[in-house]
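Enquirer: This is the structure, below, for whatever I ask next.
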Amino acid sequence: MASANWRPPFNIPVSERGNMVETEVGSATVDNATAIAFGEMEDEWGNAGSPWRSFYEKAAAMPNRLIAWNINRDFSPGHLFFRSVDTNRLLAMDNAPFRVHIWKPSHLPTKEGSNQVLVMCMIHNLLVLRNFHDLGAADLPIVICDLNKSELTQAMEYWVWLSRKGNTTHPDRAKKFFAVYDACDANKRYPCFLQLDLTVRKILSGGPNPVPPFIIIHSFNKTEAESIKAQILFTSDRAVPPQSIMQFWPNTCGGPQCPKPDCEPIQMPRDGKEQAWVLDPLGELLSIKHRESLESQGEVWCNHWPCKEKQTSTKKLLRCGRCKEVLYCSQEHQRADWKIHKGVCVKGTGRDPDYNGPLIGLMANGSTQHFTSWHDMVDRRT
Ligand SMILES: [Zn+2]
Ligand SMILES: [Zn+2]
Ligand SMILES: [Zn+2]
C-alpha cells in the first residue's frame, strides 16, 4: 500500500502561467453590487420588472416557503427571506454581509475593477446561492481558469470522483488526474491543472476557515464559439438549492436589451441535486470540521440572528404566534428580531419549524407530516 495521502507528483514543472493569486472583494463592494442590481439594473426593466423579480414572485408562492416575500413590500434585499438549510431560520437577504474571494492566474489583471465587474455580472446568482446558508457562507470562492468546455467538464468530474474515493490511493487516481492535466497542458491552459487542482483542494480543506457551501469555477476561455458558463462545485447536496424553486431561475445575463438566449453567467442547478456537481461531504477531500457542521442538520435556531440558542429535546423554543414560522429563545429576542421579521410575518402562511430530529412540515392542506431530511421535505411538498 502506498501513502494514504496521494498528491499529484510535484516534479511536474509549474510554469509561470501556473501561479494562482487570491484577492478579496470586500462586503462593501458586494453590498454596492447588490444595491445596483435591485436599483438601477432593476429600473431598466421597467414596470414589468426583471426576470429575477418574477423568479422571487414564483418562488415565494410555493407552499414550501423556502423563500418568502410579502408581495405588498418592495422588491428589495430586506424583504426577500430565505429558509437557511443549516439553522432553519427565516433570514432576510440583507441580514449578513459576505465577501467574495477570487483566485486567478497571476498574469491576469489584478485591478480591483475587473473583480468588481465579475461580481456584478454574477450578483443575483451569488445572492440566491448564498442565502440558503446561515453558517459558513461568509466567504464565497470563485476560481478562474481558461479551460474549454470539455476540459472544464472533465475537471468537475475529476473532483466529484475524487471526493467519492476519498484522498486515498485509488489505483485510478493518477490516471484520472493526468487525463485532465494533459488535456489542459496540450492547450497551454492558465493555470495548469496542477495549480487549479491544488487551489480547489486548498479551499475544500478549509484550514482556519469554514468550507464554503460551493466553489464557482469560472472560465474566461474565448476560443470556443459558445461562451462557457461558470460551473458550481457544491460541497454537499443540501447546498444545492431545491429544484422546485430553481426551475423558475431565469437564464439571462441581466441585460434588458440582450438578444442572446441562455446567456446566464453561471450554470445554475435547475434540475435538482442529481444534475449538479456535488462532492461527497463525508469524503476525505473535505475538512473534518465540514463533516461535523453537517450534523447540525435538522436543528432550529432562535431566529434572532446573533443568538445561537437552538431547540433541543429538553429546551422548547417559543414560536411566533402570528405566522408560526419562526422560533425564539425568549420574548426579548422576539422583540429584537421584530423590526426585520415583521417584513415577512403573515398570519396563517407559515411552515411549521417546530421539530427536533426528523423534520415536520406543514402541508398545504394544513396537516403536518414527517420528513427524513430537508430535501425529502422539499421534494415531497412540491
Ligand atoms: Zn445576455
Ligand atoms: Zn435567542
Ligand atoms: Zn411571525
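Read-outs: derived from the displayed coordinates by stated rules, not from any lab. This one's a predicted model, so the numbers in the text were calculated from it and none came from an experiment. With ideal geometry, Cβ positions are generated from the backbone for all residues, glycine too; neighbour counts draw on all protein chains shown.
Enquirer: Based on the alpha-carbon gyration tensor of segment 16-294 and its eigenvalue square roots a ≥ b ≥ c, which shape applies: rounded if a/c is under 1.5, prolate if not and a/b is larger than b/c, or oblate?
Expert: Numbers: a/c = 1.79, a/b = 1.40, b/c = 1.28.
Prolate is the answer for segment 16-294, as a/c is 1.5 or above and a/b outweighs b/c.
Enquirer: If you rank Glu264, Glu157 by fewest surrounding Cβ atoms within 10 Å, what's the result? Before the final figure, lay out the partial values.
Expert: Details: Glu264 19, Glu157 14.
By the 10 Å Cβ count, ascending, the order reads Glu157, Glu264.
Enquirer: Let me ask something additional. Rounded to the nearest 5, what % of the DSSP beta bridges within segment 72-159 are antiparallel ones?
Expert: Values: 3 of 8 bridges.
Within segment 72-159, antiparallel bridges account for around 40 percent of the total.
Enquirer: Using the 10 angstrom Cβ neighbour count as an exposure proxy, how do Phe214, Phe75 rank, fewest first? Don't skip to the end; give the middle numbers.
Expert: Details: Phe214 27, Phe75 16.
Ordered from fewest to most neighbouring Cβ atoms within 10 Å, Phe214, Phe75 come out as Phe75, Phe214.
Enquirer: Distance in nm between label sites at Asp185 and Glu57, each 7 Å beyond Cα in the beta-carbon direction?
Expert: 5.4
Enquirer: Can you put Trp52, Trp69 in order of Cβ neighbours within 10 angstrom, beginning with the fewest? Provide the component values of the computation, followed by the final result.
Expert: On the way: Trp52 25, Trp69 21.
Fewest-to-most Cβ neighbours within 10 Å comes out as Trp69, Trp52.
Enquirer: Separate question: Please give me the summed charge of the neighbours of Ala336: other residues whose Cβ is under 15 Å from its Cβ, Lys and Arg +1, Asp and Glu -1. If you can, show how the numbers build up before the last one.
Expert: Working: positive: Arg89, Lys308, Arg335, Lys339, Lys342; negative: Glu309, Glu332, Asp337.
With Lys, Arg at +1 and Asp, Glu at -1, the neighbours total +2.
Enquirer: Considering only Cα-Cα distances, which of the following residue pairs are longer than 27 Å: Lys310/Lys339; Lys149/Lys289; Lys202/Lys260; Lys273/Lys324; Lys315/Lys342? Each step should come with its number before you reach the end.
Expert: Details: Lys310/Lys339 21 Å; Lys149/Lys289 33 Å; Lys202/Lys260 36 Å; Lys273/Lys324 29 Å; Lys315/Lys342 25 Å.
Cα-Cα > 27 Å for Lys149/Lys289; Lys202/Lys260; Lys273/Lys324; rest within.
Enquirer: Between Lys222 and Arg335, what is the label-point separation in nm under the 7 Å Cα-to-beta-carbon projection?
Expert: About 6.0 nm, to one decimal.
Enquirer: Give the lysines reachable from Lys165 as a straight Cα distance under 16 Å; neighbours fewer than 8 places away on the same chain don't count.
Expert: Within reach: Lys175, Lys176.
Enquirer: In whole percent, what relative contact order does segment 16-294 give with Cα contacts below 8 Å and a gap of six or more residues?
Expert: Numbers: 454 pairs, mean separation 59.4, N = 279.
Normalised by residue count, the contact order of segment 16-294 is 21 percent.
Enquirer: Run the simple label-point estimate for Asn72 and Gln257 please: 7 Å along Cα→C-beta, distance reported in nm.
Expert: If labels sit at Asn72 and Gln257, their model points lie 3.9 nm apart.
Enquirer: To continue, here is another question. Only four residue types carry charge here, +1 at the Cβ of Lys and Arg and -1 at the Cβ of Asp and Glu. Report the dipole size of segment 59-120 about the Cα centre in Debye, rounded to the nearest 20.
Expert: Values: 7 positive and 4 negative charges, 21 e Å.
I would put it at about 100 debye.
Enquirer: Does segment 36-86 come out rounded, prolate or oblate, given a ≥ b ≥ c as the square roots of the eigenvalues of its C-alpha gyration tensor, rounded meaning a/c under 1.5 and, failing that, prolate meaning a/b above b/c? Before the final figure, lay out the partial values.
Expert: Values: a/c = 2.29, a/b = 1.80, b/c = 1.27.
The shape class here is prolate.
Enquirer: Pairs of Cα atoms under 8 Å, at least six residues apart: use those to get the relative contact order of segment 90-204, whole percent. Mind dumping the intermediate values first?
Expert: Working: 67 pairs, mean separation 36.6, N = 115.
The value is 32 percent.
Enquirer: What shape does segment 122-196 have by the C-alpha gyration tensor, where a ≥ b ≥ c are the square roots of the eigenvalues, rounded means a/c under 1.5, and otherwise prolate means a/b greater than b/c and oblate the rest? Walk me through the numbers on the way to the answer.
Expert: Working: a/c = 2.84, a/b = 1.51, b/c = 1.89.
It comes out oblate by the Cα gyration axes.
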